[in-house]
Amino acid sequence: MEACYSIAESYTDAPTNAHFQLHNHSDYEILLFLEGDARYIVEDKVYLLEPGDLILVRKHELHRVYHNSQAPYRRVVLMISPSFFRENACPAYEAQFLEAPQDMGHKITAEAARSSGLYDTFLRYKKYSDCYSRPFGDPVLRSVIVEMAYILNQINSFSGSDVSSEPVRSVILYLNSNYDKDVTLDFLQDRFFISKYHLCREFRKATGLTVHEYIRRKRLMRVQELRSGGMRIGDAALEAGFHDYSAFYRASRKEPGM
């Protein structure tokens, strides 16, 4: 049986935002923040981070860490594949990771993580794995990951966004539902009563991407999702909002790893 997860502690001495870009993936991510001066962005929400806070990122959600300064950054990142729950006979524990209501948050405060026992599971995993050096497939390590998923599934005290980034938040919410349409800066300017130049500046500050880059990434993410369901790539490209296959091909060439 494959482990279907990975976990590691990482340290960055002098982080710069250029190395932490907005991205997404098909696995679930749990980040345990240990040290730094940062905030975390997930879709339209912004979370201030304190040591011991956890961030849960669901499948395909765009996210990134944003460093307020170059203070050293230390974290533990756990990545769990959706197949983990089937292979370890605990499909019910996946509920917290599945698509959540729009207003549901992503942050578990350090206090909630400790009182629930979730923080202790990270300490046990580190101890049992001899600081993450043992193979992921070890039964006792896999059982700790199952326990983490169980505890996460019991938590209902997720914190909402700590920062209001209106009108950027409203624009992101609109784009998340309308990325398959022809959206221009002039249209957004008129709809949200904001100068397109101010919007461009604030949008990039919040996400690290331009509006058009954000739309492109959302469309490519949708193509990947449709392809995984068996749809032909040309049909998936049209469904995601690309005018034709060549437009999809040009867009995919601009994205690293595509």
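The values are calculated or read from the model by the stated rules, or taken from the named source; none is laboratory data. Since this is a predicted model, take the numbers as computed values, not measurements. Virtual Cβ from ideal backbone geometry, glycine too; neighbours counted across all protein chains shown. Calculation scope for accessible area: heavy atoms of the full protein, side chains included, ligands and nucleic acids excluded. Shrake-Rupley method; radii C 1.70, N 1.55, O 1.52, S 1.80 Å.
No other residue among ASP180, ASP190 is open to solvent by 30 Å² or more (accessible area, probe 1.4 Å), touching a helix residue (DSSP H, G or I) at 6+ places or on another chain (Cβ under 8 Å) and among the acidic types (Asp, Glu) apart from ASP180. Only residues that are surrounded by fewer than 20 Cβ atoms within 10 Å (Cβ to Cβ) and either basic (Lys, Arg) or at pLDDT below 85 (or both) were counted in the stretch 207-217, giving 2.
Out of PHE84, PHE136, report the one residue that is open to solvent by less than 20 Å² (accessible area, probe 1.4 Å), in contact with a helix residue (DSSP H, G or I) (Cβ under 8 Å, 6 or more places away or on another chain) and not aliphatic (A, V, I, L, M).
On the way: PHE136 fails: open to solvent by less than 20 Å² (accessible area, probe 1.4 Å).
After ruling out the rest, the residue left standing is PHE84.
I'm trying to understand the selection: among the residues of the stretch 26-58, which are farther than 13 Å from ARG75 by Cα, touching a strand residue (DSSP E or B) at 6+ places or on another chain (Cβ under 6 Å) and among the hydroxyl-bearing types (Ser, Thr, Tyr)? If the condition is that a residue be farther than 13 Å from ARG75 by Cα, touching a strand residue (DSSP E or B) at 6+ places or on another chain (Cβ under 6 Å) and among the hydroxyl-bearing types (Ser, Thr, Tyr), then TYR28, TYR47 are the ones that fit. At least 2 residues being among the aliphatic types (A, V, I, L, M) and in contact (Cβ under 8 Å) with a residue 60 or more places away in the chain is the threshold, and among the helices (runs of 4 or more DSSP H) wholly inside the stretch 12-130 those reaching it are 110-116.
For GLU147, the conditions (1) surrounded by fewer than 17 Cβ atoms within 10 Å (Cβ to Cβ); (2) closer than 30 Å to SER116 by Cβ; (3) in contact with a helix residue (DSSP H, G or I) (Cβ under 9 Å, 6 or more places away or on another chain) all hold with the exception of (1).
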